[in-house]
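K.L.:
The structure's right below; bear with me while I get my questions together.
The values are calculated or read from the model by the stated rules, or taken from the named source; none is laboratory data. Worth saying up front: this structure is predicted, and the values here are computed from it rather than measured. Quick reminder, even Gly has a Cβ in these numbers, built from the backbone with ideal geometry, and neighbours come from all protein chains shown. For accessibility, only protein heavy atoms count, side chains too; no ligands or nucleic acids. Shrake-Rupley method; radii C 1.70, N 1.55, O 1.52, S 1.80 Å.
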Amino acid sequence: MILSVLTLFPNLYEPFVNTSIIARARESGKLDINIVNLFSFAEPKKRIDAPTFGPGQGMLIRPDIVQKGLEKIEAEKSKAFKIFFSPQGRKLDQNLLNEIYSKALETNHVMLVPARYEGMDARVEEHYADMVISVGDFVLMGGDLPALMLIEGLTRLIPGVVGKEESVAKDSFTGPFVDYPAYCEPVEWQGMKVPEVLRSGNHKEIENWRANMAAQKTVKNHFQWLRTHVERDEDIKLSKKFIPNHYVALMHSEVNLPKEGSIESKVGTSSVTSLDIHDIARSAATFGLKKYFIVTPLVDQQKIVNRLITFWMSDQGIDYNPHRHEAVSAVEVIDNLEKILEKIEKIEGKKPIIIGTSAKEHGKIERITYFDQEKVWAEDRPVLFLLGTARGLSDTVLDKCDYLLIPLKGFSEFNHLSVRSASAIIFDRWLGINSAHN
């Protein structure tokens, strides 16, 4: 495979490509790395860059200079699959790396075109780029470090470059899970011992331990990767073991109610609806929540809820709709939030982390996004979602929360979701599997 780099800083690459595995890949003929100095295509005493048009400062690499470099390299080597680098590009991960490697096999020539300054004239990328990639949501001085990362990532995929191909096949991010922790001698170091199971000689137990540790590390530290790549039922089941138990409470008490004849609100108790019972129960069951609490201090409202629960728990309810029976079996009506906290602590042995939902600002409580599972789960406690009815949770309830989820918003000015719709979206964004193959 030919790998060309058109760069302003060829000296950055020389020690890198002449070291370790990459050097051996070149020596064995598996990899031909061609570093080309972009400055060599500028005329004497002429600048390689030019100011951007319009307000603002910044210099861009001239398109005609890049054109000369690209055309010369392809004339000398062969037509290449050309990759540019930009924070606006596709996010580089193992799947994309595999895709690039497949393109490399088709053309046998990959050309990397890292920019500097404020980048390149946009027409170069538009005209030449077969792919634009990003290595993360941050900005560097230029594309050379990302290019070096890509060189190493591609080199590892070439058969025979890494000593044991099994090491590549079982690497982190080659499937839904990252790699398991590995240990060597000495058995004890700094008061920490190699896990006993790894020294047992029982291969089945060792493989089971490794699978569990890989799943646990992925859930805790790479949940966004997991939820977009897990597909097999056995992997889903294994992952669930390490996701903290989640609960939800629908608050009909201590919620904001409209004052008659006024746009202002008052704190009070709202009425329970049968749709809230059924629909949220089904959403909670779909996304694996352990319990769904309906909170109301009103005895007549409690009786209504319990009458519905009793029906769905009866033989008649089971025969009528077994799936509804399964979902509603996790529903419990309860007087107040304090009793829920006590019940969860009794079940789990730990107080839950309370995550509130509210569209209004509440400066005392930290806002979190739907990408903050790892932050919350690092506390190793169960999680309780609080949903509000009427005009939402009162300040008294919000004050008890550890976090507030950011409000649900679309690209419109309308923002009046029912609590049933909101709950399904919240559970999906927080716990849902989003694999492209599901």
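K.L.:
Mind checking which aspartates and glutamates have their C-alpha under 17 Å from K351, skipping anything on the same chain fewer than 8 residues away?
P.N.:
E338, E342, E379, D380, D399, D402
K.L.:
Could you calculate the contour length gain from K193 to K346, that is, 0.36 nm times the residue separation minus the distance between their Cα atoms, to one decimal place in nm? The partial results should precede the final answer.
P.N.:
Numbers: separation 153, 0.36 × 153 = 55.08 nm, distance 3.34 nm.
Result for the pair: 51.7 nm of gain on full extension.
K.L.:
Note the full-extension length gain between E207 and Q302 as 0.36 nm times their separation in residues minus their Cα-Cα distance, in nm to one decimal. Intermediate results must be reported in sequence, preceding the final value.
P.N.:
Numbers: separation 95, 0.36 × 95 = 34.20 nm, distance 4.98 nm.
Contour length minus the Cα-Cα distance gives 29.2 nm.
K.L.:
Additional query: Among 192-199, 181-188, how do they line up by average Cβ neighbours within 10 Å per residue, starting with the highest?
P.N.:
192-199, 181-188
K.L.:
Something else now. With an 8 Å Cα cut-off and a minimum separation of 6 or more residues, compute the relative contact order for region 295-438 in percent.
P.N.:
Numbers: 137 pairs, mean separation 32.5, N = 144.
Answer for region 295-438 is 23 percent.
K.L.:
Separation between the S102 and M59 pseudo-spin-labels, each 7 Å from Cα along Cα→Cβ, expressed in nm?
P.N.:
4.1
K.L.:
Also, I was wondering about something else. Of the cross-linked pairs K259/K291; K204/K237; K240/K303, which ones have a Cα-Cα span greater than 25 Å in the structure shown? The partial results should precede the final answer.
P.N.:
Numbers: K259/K291 33 Å; K204/K237 19 Å; K240/K303 34 Å.
Pairs exceeding 25 Å: K259/K291; K240/K303.
K.L.:
To the nearest 0.05, what FRET efficiency results for E43 and D93 with a Förster distance of 45 Å applied to their C-beta separation? Before the final figure, lay out the partial values.
P.N.:
Values: r = 41 Å, r/R0 = 0.90.
So, using R0 = 45 Å, E works out to roughly 0.65.
K.L.:
Sticking with this structure for a sec: In Å², what does the accessible area per residue of region 1-140 work out to with a 1.4 Å probe?
P.N.:
Details: 7790 Å² over 140 residues.
Per-residue value: 56 Å².
K.L.:
Going by the alpha-carbon gyration tensor, a ≥ b ≥ c the square roots of its eigenvalues, is region 87-214 rounded (a/c under 1.5) or, if a/c is not under 1.5, prolate (a/b greater than b/c) versus oblate?
P.N.:
Working: a/c = 3.12, a/b = 2.22, b/c = 1.41.
Prolate.
K.L.:
Give me the percent of accessible area attributable to carbon and sulfur for region 302-438, probe 1.4 angstrom.
P.N.:
That fraction is 51 percent.
K.L.:
Of the listed peptides 392-405, 283-296, 330-343, what is their order by residue-averaged count of other C-beta atoms within 10 Å, with the highest listed first?
P.N.:
On the way: 392-405: 18.5, 283-296: 20.9, 330-343: 16.9.
Top to bottom by mean Cβ count within 10 Å: 283-296, 392-405, 330-343.
K.L.:
Give, in nm to one decimal, the length gained when the segment between S265 and F311 is fully stretched (0.36 nm per residue of separation minus the Cα-Cα distance).
P.N.:
Values: separation 46, 0.36 × 46 = 16.56 nm, distance 3.57 nm.
Additional length available on full extension: 13.0 nm.
K.L.:
Moving on. Once you have a ≥ b ≥ c as the square roots of the Cα gyration tensor eigenvalues for region 263-373, tell me rounded if a/c is under 1.5, and otherwise prolate or oblate according to whether a/b is larger than b/c.
P.N.:
Values: a/c = 1.80, a/b = 1.44, b/c = 1.25.
It is prolate, given that a/c is not under 1.5 and a/b is the larger ratio.
K.L.:
For a protection proxy built on the mean count of beta-carbon atoms within 10 angstrom, sort 39-47, 77-85 highest first, please. Mind dumping the intermediate values first?
P.N.:
Numbers: 39-47: 11.1, 77-85: 20.6.
Order by mean packing, descending: 77-85, 39-47.
K.L.:
Kindly sort M1, M251, M313 by accessible area of their heavy atoms, largest first, with the probe set to 1.4 Å. Don't jump to the answer; show the numbers that get you there.
P.N.:
Details: M1 35, M251 0, M313 70 Å².
Sorted by accessible area, descending: M313, M1, M251.
K.L.:
I'd like the projected area of region 345-438, averaged over all directions, using the convex hull of its alpha carbons. Report it in nm² with one decimal.
P.N.:
Values: hull surface 31.4 nm².
Averaged projected hull area, Cα only: 7.8 nm².
K.L.:
Just want to confirm a number: the relative contact order over region 40-153, from Cα pairs under 8 angstrom separated by 6+ residues, in percent.
P.N.:
Working: 150 pairs, mean separation 37.0, N = 114.
RCO, region 40-153: 32 percent.
K.L.:
Here's a follow-up. With a 1.4 Å probe and all protein chains left in place, how much of the accessible area of region 1-160 comes from carbon and sulfur atoms, in whole percent?
P.N.:
Numbers: 4530 of 8570 Å².
Of the solvent-accessible surface of region 1-160, carbon and sulfur hold 53 percent.
K.L.:
Given Cβ point charges of +1 (Lys, Arg) and -1 (Asp, Glu) and nothing else, what value in debye, to the nearest 20, does the dipole of the chain about its Cα centre take? Each step should come with its number before you reach the end.
P.N.:
Values: 54 positive and 59 negative charges, 17 e Å.
Result for the chain is approximately 80 debye, rounded to the nearest 20.
K.L.:
Averaged per residue, what accessible area in Å² does region 197-305 show with a 1.4 Å probe, protein chains only? Provide the component values of the computation, followed by the final result.
P.N.:
Working: 5610 Å² over 109 residues.
On a per-residue basis, 51 Å².
K.L.:
Just tell me which aspartates and glutamates come within less than 15 Å, Cα to Cα, of K103; anything on the same chain fewer than 8 places away is out.
P.N.:
D130
K.L.:
Using a probe of 1.4 angstrom, how much of the accessible area of region 198-265 is carbon and sulfur, in percent?
P.N.:
Numbers: 1890 of 3790 Å².
C and S fraction of accessible area: 50 percent.
K.L.:
Quick one: if you stick a label point 7 Å off each Cα along the C-beta vector at Y320 and D32, how many nm between them?
P.N.:
The answer from the label model is 7.5 nm.
K.L.:
Could you state the angle between the C-alpha long axis of helix 94-107 and the longest principal axis of the C-alpha atoms of the chain, as a value from 0 to 90 degrees rounded to the nearest 10?
P.N.:
It is inclined by approximately 30 degrees.
K.L.:
Now for a separate question. Assigning unit charges at the beta carbon (Lys, Arg +1; Asp, Glu -1) and nothing else, what dipole magnitude in debye, to the nearest 20, does region 227-318 show about its Cα centre? Display every interim value, and only then the final one.
P.N.:
Values: 12 positive and 11 negative charges, 55 e Å.
Approximately 260 debye in magnitude.
K.L.:
Now, a different point. So what is the relative contact order for the chain, in percent, with contacts set as C-alpha pairs under 8 Å and at least six apart?
P.N.:
Details: 662 pairs, mean separation 56.7, N = 438.
Once divided by the residue count of the chain, the mean separation gives 13 percent.
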